Every structure is written in structure tokens, then in C-alpha cells.
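Structure first, then comments.
Only the coordinates and a few stated rules stand behind these numbers; no lab work does. This one's a predicted model, so the numbers in the text were calculated from it and none came from an experiment. Using ideal geometry, Cβ is built from the backbone for each residue, glycine included, and neighbour counts are taken over all protein chains shown.
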Amino acid sequence: MINKSIKTFRLRSRKLTQSKLDILNLYWPIFGLDIKQKINFESYFSKKSFLILEIGFGYGESLISFARQNRNIRFIGIEIYIPGICFCLNKIHLFNLNNINIFYGDALNFLENNFKDIFFNRINIFFPDPWNKRKHFKRRLIQKNFIKKISKNLVLNGFFHILTDSYSYFKHILIVFNEINGFKNQSKKMNVYFFHKNKFYTRFFDKAKVKKKYIYSIFFKKKF
Ligand SMILES: C[S@@+](CC[C@H](N)C(=O)[O-])C[C@H]1O[C@@H](n2cnc3c(N)ncnc32)[C@H](O)[C@@H]1O
């Protein structure tokens with residue numbers, strides 16, 4: 001059971017500026033997917049197309065750069081932070097990307113409501129909130145039940161790719177995956193050069209870099 005009363009994020013509610021409201025009004029109907037709506041994924045995404053899910057995309061830098069570099073791949077992003085969603089929607093429009101769709105809401109809720117018939121080739125979780133204090137560990141997004149559940153939507157040989165700059169979270173993630181059968185750890189050591197070479201960064205990646213923190217790049221492959 002996933003405990004949905006425990007929140008993995010801190011809600012930051014500020015009044016949206018007019019420009020953000022305009023972005024939402026203009027682009028949400030085109031690129032947004034509604035949690036309450038039962039989505040017929042087959043009408044949205046062909047079974048043949050490579051599909052990548054990113055959970056907690058923040059301002060969406062990674063989503064946008066991957067989607068620009070891979071126009072034949074489809075991307076779905078989930079985020080709870082509305083200013084981040086607005087920023088991302090604006091970029092989707094500016095770069096004329098028709099391969100991204102966005103969900104607004106808590107990823108824990110989507111599992112049951114929306115993702116029954118959909119299979120991802122890759123699930124990216126970049127710099128999930130680390131919740132480094134012991135009393136907050138239960139708020140971490142990556143928990144055994146969550147990963148077990150969402151893995152059902154990952155194709156065989158599909159990957160989880162997780163980045164974190166928290167050593168404590170890194171160890172926690174390894175423990176979680178070790179407790180779940182069917183995954184092979186294929187993590188590589190990656191340095192800052194890798195991320196730049198691949199034209200890939202996120203806001204939290206930059207923050208970690210400024211603080212000269214080590215970034216743990218974790219790959220788990222679904223074997224069965
Ligand atoms: C530390 S930020 C990282 C953002 C971005 N991936 C980056 O690297 O810059 C974590 C993000 O995850 C989002 N988040 C946390 N829990 C979530 C959940 N259950 N569902 C959707 N998004 C979530 C937060 O709103 C926040 O934007």
C-alpha cells in the first residue's frame with residue numbers, strides 16, 4: 001500500500017502572476033493531461049513509440065532538452081509545482097515540441113488512476129527531494145511500494161534513471177531496489193562532463209555543481 005497521506009513534496013502556494021495564468025490558459029489545453037480525466041492512452045501514444053516518463057521535472061529543463069534532441073520519442077512529465085509547469089509549457093510552445101505531455105499532480109495518485117495500460121521504456125527521477133532528516137525519510141518518493149507499483153508500467157529491459165546529490169538518499173535507493181526482485185544495477189560513475197556533453201542539466205543539477213557536490217547517477221534495468 002502506498003501511503004498517500006504522506007506528502008513527498010512541500011506545497012508552495014503563491015498567487016500566480018498574470019503571465020503564468022496566460023501560459024496556463026493558452027497551453028495547458030494543448031499539452032496538459034488531467035488527472036481526473038480517464039485517459040485512453042492508445043489514442044494518445046502509439047504502442048510502438050518509445051515512451052519516457054519523468055517524475056518531478058521541476059522547471060522541465062531535462063524534459064525539454066531530451067525532447068528537443070529526440071523528436072521521435074514521446075515524453076510524459078509529472079509535476080506538482082505550478083510555476084515549474086508554466087515555465088515548461090512555455091518552452092514546449094517556444095520550441096514547437098509536440099512530443100511532450102504534462103500531468104499536474106502527485107505522482108502517487110497517477111499510478112492507480114491513469115497508468116493502467118501504459119508502458120514506459122524509461123522512468124527518470126532527477127534530484128527527488130532528499131528529505132535528509134531521519135524523521136522525514138518516510139516522505140521520500142522512492143519507496144519500495146512505489147517502485148514496485150510503477151515498475152509494472154516499465155517494459156522489460158526498461159530503465160529507471162535516478163540522479164541525486166544526497167549520499168543518504170543514494171544508499172536508501174540502493175536498499176529499495178535490492179529489496180525488489182527483477183532489477184539489475186547498471187549504475188555508472190558520471191562526472192559533470194558527461195552531463196554537459198549530453199546537453200543535459202536540471203536546475204538542481206546546477207545547484208549541486210555550484211556546491212561542488214558529488215552526483216550519484218543510478219540506473220536499474222528491469223530483468224523480469
Ligand atoms: C528537488 S526538485 C527537482 C526538480 C528537477 N527534477 C531538477 O532536477 O531540477 C523535486 C521536484 O519533485 C516534485 N515532486 C515531489 N514529489 C512529487 C510527487 N509526488 N509527484 C510529482 N512531483 C513531485 C517537486 O515539486 C519538485 O519540483
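Data for the structure
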quantity	calculated
Where a residue in the range 1-29 is in contact (Cβ under 8 Å) with a residue 60 or more places away in the chain and its partner, wherever it lies, is among the aliphatic types (A, V, I, L, M) and within 16 Å of the ligand (Cβ to nearest atom), with Cβ under 6 Å and at least six apart	I2/L108; K4/L108; T8/L141; F9/I80; I23/L89; Y27/L89
Residues (within 13 Å of the ligand (Cβ to nearest atom), over 10 Å from the mean Cα position of the chain (by Cα) and part of a loop (DSSP other than H, G, I, E, B)) located in the range 59-80	Y59, I80
Filtered residue count, the range 1-36, keeping only those that are of a type in the set (D, E) and away from the ligand (no atom under 16 Å from the Cβ)	1
Qualifying position, being among the charged types (D, E, K, R), closer than 26 Å to K171 by Cα, in contact with a Pro (Cβ under 9 Å, 6 or more places away or on another chain) and surrounded by 14 or more Cβ atoms within 10 Å (Cβ to Cβ), among R122, R140	R140
For R68: the one exception among (1) in contact (Cβ under 8 Å) with a residue 40 or more places away in the chain; (2) closer than 18 Å to T202 by Cβ; (3) surrounded by fewer than 19 Cβ atoms within 10 Å (Cβ to Cβ)	(1)
Subset of the range 87-118 [within 15 Å of the chain's Cα centre (by Cα) and of a type outside the set (A, V, I, L, M)]	C88, N101, F103, Y104, G105, D106, N109, F110, F115
